[in-house]
Each structure stands twice: as structure tokens, then as C-alpha cells.
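Read the structure below first, then the notes.
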Amino acid sequence: MKLKLTIDPDIVALMAAEVAAGERAVAAAMNEAGTGLKSAWRGQITGAGLGTRLANSIRSASFPKSGESLNAAALVWSNAPVIIGAHDTGPLIRSKNGFWLAIPTPAAGKSTRGGRITPGEWERRTGLRLRFVYRRRGPSLLVAEGRLNTKGRAVASKSKTGRGVVTAPIFLLVPQVKLPKRLDLARDAERAADGVPGLIVTNWAEAFSRRT
């Protein structure tokens, strides 16, 4: 007597299809999580008033680059990690040489290289000399004698009589500055990580419903 066992459907093929569906579900879930976290971080940055340029420094990538895998992963990072990290942690900033931090006032204007102007650059640009003024209360000052133009910037005066010449505070001098914490990136990262299992289940269930 001969016995023949036939399994319908084919278990091996069924398991292979299920593994493939799982790989697609995990890859899709990680891609969604990474893209969602990138959007959340960018939203935080613009919402904190830090601008779209800094927000666009947030990037994301999914791995593997091609195909699907049960070990798929997503990476979200910033191309400006120092700036982002400072606004995320709110560090205490001190001068490198242990002296003063020079904070430019509106009368100082902006650096030609972008960002904050330094006392040395300001003197070279205007031809004026800065003078130190110590104050017992409040920050000490670096001031200059000149005139204020229509933009409120301190410039050299061409008046021979001294008319319109003022002593303008150009820089505030402080020993340290506490940068306010304006971001909470860990909050969104934890939220994205917590949502991954649900995304995997949803994507896997959708794949199963399409097959049936």
C-alpha cells in the first residue's frame, strides 16, 4: 500500500511569501518612521523660530538602500549638529580664553562673512577704536565715538565740529551666556520609536489582505 501526502497550499511557498511580506512591512515601517521623525524635527526647528535653512539641515535615510529586509533601519541626522545640539541642550557658553564674550548690539551691524561680528572685524571695517567701559551692575561695554546712520549702525563721523557724534555701545561684555533650550528632539525620537511596531503590523496586515 502506498500513501501519498499532498499539502495544499504549498507550505514552503506560503512561508516564503510570508517572510517576503514581513520584509516589505518592516522596510516600509522604518521608512515611514524616519520620514515622520524628519518632518517632526523640522517642524520643531521652524516652530522655535530658528528658520527653514536650519530645519532643512535635518535629513533621513533608510537601509538597506534597495530591497527589503527584516533588519531594515532608518537614520535621521542633521548636517548642522553643533547648532542643533546647542539649541537642544541649552548649554552654558564661556569664552575660550576665559575673558569676556562680546555680544554685538544693533549698532555693531552684521559680519560680512555672516553671523555675529567680532570686535576686531568691527574696528577694521569702521576704522574706529573700541573703548572698554566697566560697569559694576549689568554687562560691561565696548563703546565707540561716532555717529549713527539711518540704519542705526555706528560709523565714523566726518563732521569737523563734532556735531552728531555720540558714544555708542557696540558690544556687551559678559563672562558667560546660558543658551535657552528651544528644542526637545528626544521627545519626537521616542514617539517615532514607540510607533514602529504599530506601523509594522499595519503594513503587514495590508499586505496579507491584498494577497487574500
Query raised in the report: Which condition does Gly98 not pass, out of (1) modelled with pLDDT under 90; (2) closer than 30 Å to Thr46 by Cα, if it passes all the others?
Result: (2)
**Report entry** Filtered residues of the stretch 166-212 (kept if in contact with a Lys or Arg (Cβ under 9 Å, 6 or more places away or on another chain), modelled with pLDDT under 90 and aliphatic (A, V, I, L, M))
**Finding:** Val166, Val177, Ala207
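For the structure I just gave you, tell me whether Leu142 is surrounded by fewer than 18 Cβ atoms within 10 Å (Cβ to Cβ), more than 30 Å from Ala17 (Cβ to Cβ) and more than 18 Å from the chain's Cα centre (by Cα).
For Leu142, the condition - surrounded by fewer than 18 Cβ atoms within 10 Å (Cβ to Cβ), more than 30 Å from Ala17 (Cβ to Cβ) and more than 18 Å from the chain's Cα centre (by Cα) - is not met.
Yes/no per residue for (1) open to solvent by 80 Å² or more (accessible area, probe 1.4 Å); (2) at pLDDT 90 or above:
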position: Thr6; (1), (2): yes, no
position: Ala13; (1), (2): no, no
position: Ala16; (1), (2): no, no
position: Val19; (1), (2): no, no
position: Met30; (1), (2): no, yes
position: Ile45; (1), (2): no, yes
position: Ser62; (1), (2): no, yes
position: Ile83; (1), (2): yes, yes
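State yes or no: is Lys110 touching a Pro at 6+ places or on another chain (Cβ under 9 Å) and either in contact (Cβ under 8 Å) with a residue 60 or more places away in the chain or among the basic types (Lys, Arg) (or both)? Talk me through it step by step, then tell me what you get.
Details: touching a Pro at 6+ places or on another chain (Cβ under 9 Å): yes; either in contact (Cβ under 8 Å) with a residue 60 or more places away in the chain or among the basic types (Lys, Arg) (or both): yes.
Here the answer is yes, as Lys110 does meet what is asked.
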Query raised in the report: Would you call Ala168 in contact with a Phe, Trp or Tyr (Cβ under 8 Å, 6 or more places away or on another chain), touching a residue at least 60 places away in the same chain (Cβ under 8 Å) and either part of a strand (DSSP E or B) or open to solvent by 30 Å² or more (accessible area, probe 1.4 Å) (or both)?
Result: no
Report summary line: Flagged pairs (Cβ under 6 angstrom, 6 or more apart or on separate chains; first in the stretch 50-69, closer than 20 Å to His87 by Cα; second open to solvent by 90 Å² or more (accessible area, probe 1.4 Å) and in a loop (DSSP other than H, G, I, E, B)) are Ser57/Asn79
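The values are calculated or read from the model by the stated rules, or taken from the named source; none is laboratory data. Computed from a predicted structure; not experimentally measured. Glycine gets a Cβ as well: all are built from the backbone with ideal geometry, and neighbour counts include every protein chain shown. Accessible surface areas use protein heavy atoms only, side chains included; no ligands, DNA or RNA. Shrake-Rupley method; radii C 1.70, N 1.55, O 1.52, S 1.80 Å.
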